Amino acid sequence: MRKRGQQQLQQSPNSIIINQTPRKMAAFGQGPRLTDGATPLPDLDNFLAQLEATKDSTSVILALVENEQVKAALQQLSNCALAAGHLLRREASAKEFFAEERRLHGVVIGGLAESASASATTRAEEDRRQVCELLDVAGVEALPVVYRMGKRQPPPSLLSGSGRAATPRPRLVKVEFATKGMAAEFLRNRGKIATVPTLKHIFMRPSLPPEQLSRRRDLYKEKAEKNGLAENKADPYVVWGPPGGEALIRVSDIKKKK
């Protein structure tokens with residue numbers, strides 16, 4: 001019985017399909033893994049496509065297997081692989097949904113002075129106080145979560161030969177509201193903040209998705225490269241435009257638009 005089954009597998013015209021199946025199935029071991037939510041699942045759609053592509057090959061194998069127990073086990077493995085792939089897709093969609101919801105609750109603020117206190121809680125309290133001042137000016141009744149983004153820079157040090165202290169640029173402040181409406185109201189009323197002379201240097205933007213943040217980084221990198229050229233010193237480039245729709249433009253062109 002076993003010899004006859006082996007001969008059928010070897011002589012079958014579908015042996016090419018069968019011989020390719022292990023290579024397709026080997027990709028399953030390199031399939032996507034669940035992440036912490038900050039990083040999207042890698043190439044999940046391609047993984048599911050590979051699962052679906054092996055269904056025909058699996059059917060050919062099952063038709064040639066005579067042992068019913070082996071056949072049932074292979075069928076169960078195939079079904080489990082497909083079910084696992086669709087569960088991964090569903091979980092990835094849920095993670096993307098909650099990440100987007102959280103993003104819509106957030107506002108990013110730049111220009112807020114960073115406390116030099118040695119106490120971590122004192123620094124956090126000072127950030128919260130400054131944000132509350134902005135909320136009062138904007139007329140937004142809320143007590144959001146406030147924190148600095150990125151790693152804290154070391155204390156200022158003296159520049160060699162200059163005699164002046166090198167003060168690091170303050171980190172951006174992330175403000176997360178309890179509702180999307182509060183975040184939207186804060187952004188709508190930012191014009192009120194600009195009317196206060198001591199707050200004119202403050203800028204605000206909505207929390208952006210990863211792809212837009214990546215594009216902003218590329219624009220600022222290109223700006224630095226272009227403004228490093230001597231011919232652009234008199235009329236430098238700036239990143240200009242609404243969040244998500246920024247572009248690299250010369251200062252003189254902005255004046256023309258106004």
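Data overview
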read-out: Flag if LEU134 is buried (at least 18 other Cβ atoms within 10 Å of the Cβ), touching a residue at least 60 places away in the same chain (Cβ under 8 Å) and assigned to a helix (DSSP H, G or I); value: yes
read-out: Residue among GLY181, GLY139, GLY150, GLY110 that alone is in the same structural domain as HIS201 (by TED's automatic domain parsing) and either farther than 28 Å from GLU211 by Cα or modelled with pLDDT under 90 (or both); value: GLY139
read-out: Pairs where the first residue, in region 71-95, is without any contact (Cβ under 8 Å) to a residue 12 or more places away in the chain and the second is crowded, with 16+ Cβ neighbours inside 10 Å, C-beta under 6 Å, 6+ apart; value: LYS71/VAL65
read-out: So LEU74, is it under 31 Å from the mean Cα position of the chain (by Cα) and not assigned by TED's automatic domain parsing to the domain that holds ARG188; value: no
read-out: Positions within region 98-148 being over 20 Å from ILE193 (Cα atoms) and among the acidic types (Asp, Glu), in sequence order; value: GLU100, GLU101, GLU125
read-out: Cross-chain or 6+ apart pairs with Cβ under 8 Å, region 100-112 first and on the phi < 0 side of the Ramachandran plot, then among the aromatic types (Phe, Trp, Tyr) and in a strand (DSSP E or B); value: ILE109/PHE203; GLY110/PHE203
read-out: Qualifying residue in region 157-164 (condition: at pLDDT 85 or above and either in contact with a Lys or Arg (Cβ under 9 Å, 6 or more places away or on another chain) or not in a helix (DSSP H, G or I) (or both)); value: no
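The values are calculated or read from the model by the stated rules, or taken from the named source; none is laboratory data. If you're wondering where the values come from, they're calculated on a predicted model, not measured in any experiment. As a convention, Cβ positions derive from the backbone with ideal geometry for all residues, glycine included, and neighbour counts pool all protein chains shown.
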